[in-house]
1. Within the stretch 131-149, how many residues turn out to be open to solvent by less than 20 Å² (accessible area, probe 1.4 Å) and either farther than 18 Å from G163 by Cα or of a type in the set (V, I, T) (or both)?
2. Hey, which of the strands (runs of 3 or more DSSP E) in the stretch 209-297, taking only ones fully inside, have at least 3 residues that are in contact with a Phe, Trp or Tyr (Cβ under 7 Å, 6 or more places away or on another chain)?
3. Considering each of L291, L249 in turn, give the residue that is touching a helix residue (DSSP H, G or I) at 6+ places or on another chain (Cβ under 9 Å) and of a type in the set (A, V, I, L, M).
4. Mind listing whichever residues of the stretch 57-70 are part of a loop (DSSP other than H, G, I, E, B) and surrounded by fewer than 20 Cβ atoms within 10 Å (Cβ to Cβ)?
5. Just name the residue that is nearest to I29 (Cα to Cα) out of those in the stretch 195-239 that are crowded, with 21+ Cβ neighbours inside 10 Å and basic (K, R).
6. Name the single residue, out of those in the stretch 153-202 being assigned to a strand (DSSP E or B) and charged (D, E, K, R), that is nearest to T40 (Cα to Cα).
7. Among residues belonging to the stretch 88-127 that are within 17 Å of L168 (Cα to Cα), of a type outside the set (V, I, T) and in contact (Cβ under 8 Å) with a residue 60 or more places away in the chain, point out the one that is least open to solvent (accessible area, probe 1.4 Å).
8. I need a count of the residues in the stretch 230-257 that are within 18 Å of the chain's Cα centre (by Cα) and either within 11 Å of V41 (Cα to Cα) or touching a residue at least 40 places away in the same chain (Cβ under 8 Å) (or both).
Amino acid sequence: MSSTEKDAAIPELSNPSVCMKDPQRVQEILQSMVKAGSNTVQVITDFDMTLTRFAYNGKRCPTSHNILENSNLITSDCKEKLTELLNIYYPIEIDTSRSAEEKLPLMVEWWTKAHELLVEQKIRKDLLATAVRESDAMLREGFKRFFDCLNQQNIPLLIFSAGIGDILEEVIRQAGIFHRNVKVISNYMDFDESGVLRAFKGELIHIYNKREGALLNTDHFQDLRTRPNVVLLGDSLGDLHMADGVQDLKNILKIGFLNDKVEDRKQAYLDSYDIVLAKDETLDVPNAILLYLTDNK
């Protein structure tokens, strides 16, 4: 199929935000998925800065951690300490000159310190919904269409997040899109019998250990073994490992949101993701791809 035919099939792939190293390969993956049928497809996505906006009107939008950090559930002293951690570790997270192996212990350090600070705040479970409601959290434009299409087509959606699961779930619940086909793997809070945060549950999920997280959740992937075709959405190179638990993987289409430091990181993203969306705050391209996969007779 020529580039013109491809663009005619999915015109959104001609959007100015779209970059592809190998458009022909993208087309081959899509054709193979269409042939197999949408009942063989599953979607695996990151949450913060993938399903949610990176920025709005020039202002950064909050991640699930930020929603808590910006709320009145946290003291100003704790907020300062969390900001200090961000200023130390975020530049490391996005530094393309460092390997994932080099970053890994530092990301564990960051998440662990941040979670310890949050636990010290004795956060109450019954106040989380208000913190989300009062926050500036924003899902990307087209989110309702994205979630509703997957639900209507009975396509499983796995949200795999290094954020805070309780907050993430509240965001999608308040948006009216926490459908029955949605499963979340994330860091969940552990509350005591009076509803006060005392710890975080289980193994820590951070940006660079999603492979381990995927392999720990083998039951989920076992249940979906008849769906070997994966559409993956992420915004970091660590997100590329979210599908490592998929059994008998046949095709994977990797869509990467490149939100920040575009010129510095563009080549690394093009080398890793099939489709790179540079500074695109919408879900227009993923929605067009889902339409193509589900409406192709």
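1. 3
2. Details: elements: 229-234, 251-258, 275-278.
In the stretch 209-297, 251-258 are the strands (runs of 3 or more DSSP E) which contain 3 or more residues that are in contact with a Phe, Trp or Tyr (Cβ under 7 Å, 6 or more places away or on another chain).
3. Values: L249 fails: touching a helix residue (DSSP H, G or I) at 6+ places or on another chain (Cβ under 9 Å).
The unique qualifying residue is L291.
4. Here is the first cut: in the stretch 57-70, the residues part of a loop (DSSP other than H, G, I, E, B) are 57-58, 61-63, 70.
Hits for the stretch 57-70 are N57, G58, N70.
5. Here the residue is R227.
6. Filtering the stretch 153-202 down to residues assigned to a strand (DSSP E or B) leaves 157-164, 182-187, 189-191, 196-200.
Right, trim to charged (D, E, K, R) and you get 183, 190, 198.
Details: K183: 17, D190: 35, R198: 41 Å.
This residue is K183.
7. Applying the filter and picking the extreme gives L118.
8. Let us first name the residues in the stretch 230-257 that are within 18 Å of the chain's Cα centre (by Cα), namely 230-246, 252-257.
This time we only want the ones that are either within 11 Å of V41 (Cα to Cα) or touching a residue at least 40 places away in the same chain (Cβ under 8 Å) (or both), so: 230-239, 242-243, 246, 252-253, 257.
Qualifying residue count, the stretch 230-257: 16.
The values are calculated or read from the model by the stated rules, or taken from the named source; none is laboratory data. None of the values given here were measured: they were computed from a predicted structure. Don't worry about glycine lacking a Cβ; one is built from the backbone with ideal geometry, like all the others, and counts go over all protein chains shown. Accessible surface is based on the protein model in full, side chains and every heavy atom, while ligands, DNA and RNA are left aside. Shrake-Rupley method; radii C 1.70, N 1.55, O 1.52, S 1.80 Å.
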